Amino acid sequence: MFKNLLMYGLPFWLFLLLFFFYGYGKTDIATINKIAGLLAISLLGTSFVIGPLSFFLPNLFIPLRPYRKYLGIFGFAVALSHATISFIFVYNADLFFLLFDPANERLFAVYAGLTALFYFFFMTFISTAWAVKIVGGKWWKILQTGGYFAFAMAIVHFVLAEMQNGVFVVKRPLGRIVFVFAVIVVLLRMTVFLLKLFSTRR
């Protein structure tokens, strides 16, 4: 009961945390959009980190695996809302400027974000049981593991979007915590990959 309340309610708890301790209760579009971006990274990161943590602490984290799909899809939905808000309110729905105009200082941030978003959409699309049957279990697992690359691209998007005069700046502590958490998720996955690789070569 408590576990379900915690995990299924996690998007709501994280939103409240970010709303009050990152956005300080502000409801302007710019703040809400940043909260959406951080919430997406937090949810997707939680979904992804359960995998490698299950390797190190199986008794604690394997029971949480059923929640990964829910958190991942919810995280994708929030990321999509972040992208939509950015397109409409930050870029004034100007598709050419968003994607092709060199005057867009965040052009590469946009490309990194879209790369992550499209792959998360693909992961959501193949998350059904019929997709597993069509693709095959082995390939399905490989394609799902590719989500860590998409998550890394989301981190790149975060870094490039927060660049100020060539320097990565995140002023608010909670924003830094989300960034560090995201990096740790990727490092944990790389560690598990290397440990498994070396163990098979012995």
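Taking the stated definitions as given, is residue 158 touching a helix residue (DSSP H, G or I) at 6+ places or on another chain (Cβ under 7 Å), among the aromatic types (Phe, Trp, Tyr) and touching a residue at least 24 places away in the same chain (Cβ under 8 Å)? Please lay out each step first, then the result.
On the way: touching a helix residue (DSSP H, G or I) at 6+ places or on another chain (Cβ under 7 Å): yes; among the aromatic types (Phe, Trp, Tyr): yes; touching a residue at least 24 places away in the same chain (Cβ under 8 Å): yes.
Yes.
Taking the range 177-194, which residues are surrounded by 13 or more Cβ atoms within 10 Å (Cβ to Cβ) and either farther than 19 Å from residue 147 by Cβ or not hydrophobic (A, V, I, L, M, F, W, C) (or both)?
177, 189, 191
Residue 135 - would you say it is in contact with a strand residue (DSSP E or B) (Cβ under 6 Å, 6 or more places away or on another chain) and either surrounded by 13 or more Cβ atoms within 10 Å (Cβ to Cβ) or touching a residue at least 24 places away in the same chain (Cβ under 8 Å) (or both)?
No: the conditions fail for residue 135.
When you go through 138, 196, 171, 133 one by one, which is the residue that is closer than 16 Å to residue 34 by Cα and out of contact with any Asp or Glu (no Cβ under 6 Å at 6 or more places or on another chain)?
That would be 171, the only listed residue that is closer than 16 Å to residue 34 by Cα and out of contact with any Asp or Glu (no Cβ under 6 Å at 6 or more places or on another chain).
Tell me the residue from 88, 35, 41 that is over 22 Å from residue 151 (Cα atoms), among the aliphatic types (A, V, I, L, M) and either under 19 Å from the mean Cα position of the chain (by Cα) or surrounded by fewer than 16 Cβ atoms within 10 Å (Cβ to Cβ) (or both), please.
Only one candidate qualifies: 88.
Going by the conditions given, is residue 46 among the polar types (S, T, N, Q) and surrounded by fewer than 19 Cβ atoms within 10 Å (Cβ to Cβ)?
So residue 46 does not fit the description; no.
Which residues, counting only those in the range 160-176, are assigned to a helix (DSSP H, G or I) and surrounded by 16 or more Cβ atoms within 10 Å (Cβ to Cβ)?
Correct list: 160, 161, 174, 175.
Values in this text are rule-based calculations from the coordinates and carry no lab data. What you see is a predicted model, and the numbers here were worked out from it, not measured in a lab. In this analysis, Cβ positions are derived from the backbone assuming ideal geometry, glycine residues included, and neighbour counts consider all displayed protein chains.
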